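Asks: One structure is given below, represented as structure tokens, and several questions about it will come after.
The values are calculated or read from the model by the stated rules, or taken from the named source; none is laboratory data. Keep in mind that what you see is a predicted model, and the values were worked out from it rather than measured. Heads up, the Cβs are rebuilt from the backbone with ideal geometry, glycines too, and the neighbour counts pull from every protein chain shown. Protein only, heavy atoms only, side chains kept; ligands, DNA and RNA dropped before computing areas. Shrake-Rupley method; radii C 1.70, N 1.55, O 1.52, S 1.80 Å.
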Amino acid sequence: MEHGHFKVADLKEFAGAAYPLEHMLLDVRRLSLRETDTLFSLPWAGFLVDRADQAPAGRPWLRYEAEENWASPGDVLELQPSSGRVALRYRRGDNGNVLFATEQCNSYCLMCSQPPRAVDDFWRVEQLHALIELIDKDEASIAISGGEPMLLGEGLVDVIAHCHAALPQTHVHVLSNGRLAGEGTYAARFTGLHESLTWGIPLYGDTSTLHDYIVQRQGALAQTLRGLYALEQAKQRIEIRVVLVKDVVHRLEAIARYIYRNLPFVEHVALMGMEPIGFAKAHREALWMDPMDMTDALDGAVDFLSSRNIAVSLYNLPLCTLPPRLWPFSRQSISHWKQDYRPECAPCQVRDRCGGFFSWVTPDWLSRGVAPIDQRELA
């Protein structure tokens, strides 16, 4: 089997005829087929099996022994035969599918969950094109992330244009620090490029001292602001993302006022609990703040923004760490593949509304407020 991206297919996928058979793996794990069946003779890229004898002799097959149900019809796998690696690049029905654009970044954020690497990975553009071709046509939303996607230059333009061609109904959300958007006419390249395109840009302070410290790059706030204005001029939809680390929380209400006064075109503000992985683990003492100690700051920022008709959401914060008055702003934001619940969540009566925890949360990163909620006590 060649290196490439392949759609896992059942008979429904086959009947839909939306993808070439040469890029499909027929899932025979639940099918009752004989080797003589005509279906086997078709030019599939290979077969997804539980046992080697489920595939016809002499045809490529794939079996994954470590986990049951690791891939399902509709998913997209990347196969790397030379290394023996298989990666799940798209999962049907997941809320966190990402097109990973690059490992490079021009910031070095203290809490970065995906530490950057100085590598030449422009080759990813071609592979992203192949992946985009196999994503479900009715996929609601997909993110583009890194690293810093804008470091791909025209490559990012090409990827979004490819999404426009292959997935015109899919919302595309680009996670970028925005620092390069203000260079020359780059931002204008995205005008009209996709019918549903938004940008998630971080802002960590109302002063350059704070923002530049968090991203570890002098002059970063000025570049980000220039990029935000360039994107607005290019008629782009913009979300501001604020990660709730200690120094940022202390300035949160001031940051909310700054956004309102200086970035009135922003359509959404996400206040986000920190992900305890990557660089954050090395800077815990400087960054970590119990969400229970954020209540006043969150109250003030949420009230200020929402009362001025700026949509605001709380991400990555379990409901038990928030006062009930803030629950309407809480979102189930953690991607399914890295979302988990604690043992104490089992009897919680609002678990189905709660976003839970990152799977890699350890006791050092747990709020003192974590406990099951009894709705009768809230009445």
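Asks: Mind listing which GluC sites (Glu not before Pro) in the stretch 228-308 are in a DSSP loop and have 16 or fewer other Cβ atoms within 10 Å?
Replies: Passing sites in the stretch 228-308 are Glu267.
Asks: Loop only per DSSP, at most 16 neighbouring Cβ atoms within 10 Å: give me the GluC sites (Glu not before Pro) in the stretch 131-222, ordered by residue number.
Replies: Passing sites in the stretch 131-222 are Glu183, Glu195.
Asks: A further question on this structure: Over the stretch 241-378, what is the relative contact order in percent, taking alpha-carbon pairs closer than 8 angstrom and at least six residues apart?
Replies: 25
Asks: Would you please give the residues with an amide H less than 5 Å from that of Tyr90, counting only those at least 5 places away or on a separate chain, with H modeled from the backbone geometry?
Replies: For Tyr90, whose amide H was placed from the backbone, the distant partners under 5 Å are Val76.
Asks: Right, here's the next one. Using heavy-atom solvent-accessible surface (probe 1.4 Å) with all chains present, what is the largest-first order of Asp303, Asp37?
Replies: Solvent-accessible surface, decreasing: Asp303, Asp37.
Asks: Quote the Stokes-Einstein diffusion coefficient, in whole µm² s⁻¹, for the chain, based on the Kirkwood radius over alpha carbon pairs, a temperature of 20 °C and a viscosity of 1.002 mPa s.
Replies: 94
Asks: Summing Lys, Arg as +1 and Asp, Glu as -1, what charge do residues with Cβ under 12 Å from the Cβ of Arg237 carry, Arg237 excluded?
Replies: Result for the local shell: -3.
Asks: Under a cut-off of 20 Å between alpha-carbon atoms, report the lysines in cross-link reach of Lys338, not counting same-chain residues fewer than 8 places apart.
Replies: Qualifying lysines at Cα under 20 Å: Lys281.
Asks: Helix 220-233 sits at what angle to the longest principal axis of the chain, using alpha carbons and giving 0 to 90 degrees rounded to 10?
Replies: Helix 220-233 and the main axis of the chain meet at about 70 degrees.
Asks: Next up: Calculated from DSSP H runs of 4 or more alone, at -39500 (n - 2.57) each and per residue, what is the 222 nm mean residue ellipticity of the chain, nearest 500?
Replies: Value at 222 nm, helices only, nearest 500: -6500 deg cm²/dmol.
Asks: Please give the solvent-accessible surface of Trp61 in Å², to the nearest 10, using a probe radius of 1.4 Å with every protein chain present.
Replies: 100
Asks: Hey, if we sort Asp27, Asp340 by accessible area with the 1.4 Å probe, largest down, what's the order?
Replies: If we order Asp27, Asp340 from most to least accessible, we get Asp340, Asp27.
Asks: Once a ≥ b ≥ c are taken as the square roots of the eigenvalues of the Cα gyration tensor of the stretch 232-360, is the result rounded (a/c under 1.5), prolate (a/b larger than b/c) or oblate (a/b not larger than b/c)?
Replies: Prolate, since a/c reaches 1.5 and a/b exceeds b/c.
Asks: Still on this structure, I have one more. Pick out, in residue order, every one of the trypsin sites (Lys or Arg not before Pro) in the stretch 313-379 that is DSSP loop and has at most 15 other C-beta atoms within 10 Å; say none if there are none.
Replies: Answer in residue order: Arg331, Arg368.
Asks: Find how many whole Å separate the alpha carbon centroid of the stretch 347-377 from the alpha carbon centroid of the stretch 60-120.
Replies: Here the two parts' Cα centres lie 28 Å apart.
Asks: If you restrict to DSSP beta bridges whose two residues both lie in the chain, what percentage is antiparallel, to the nearest 5?
Replies: DSSP beta bridges in the chain are roughly 25 percent antiparallel.
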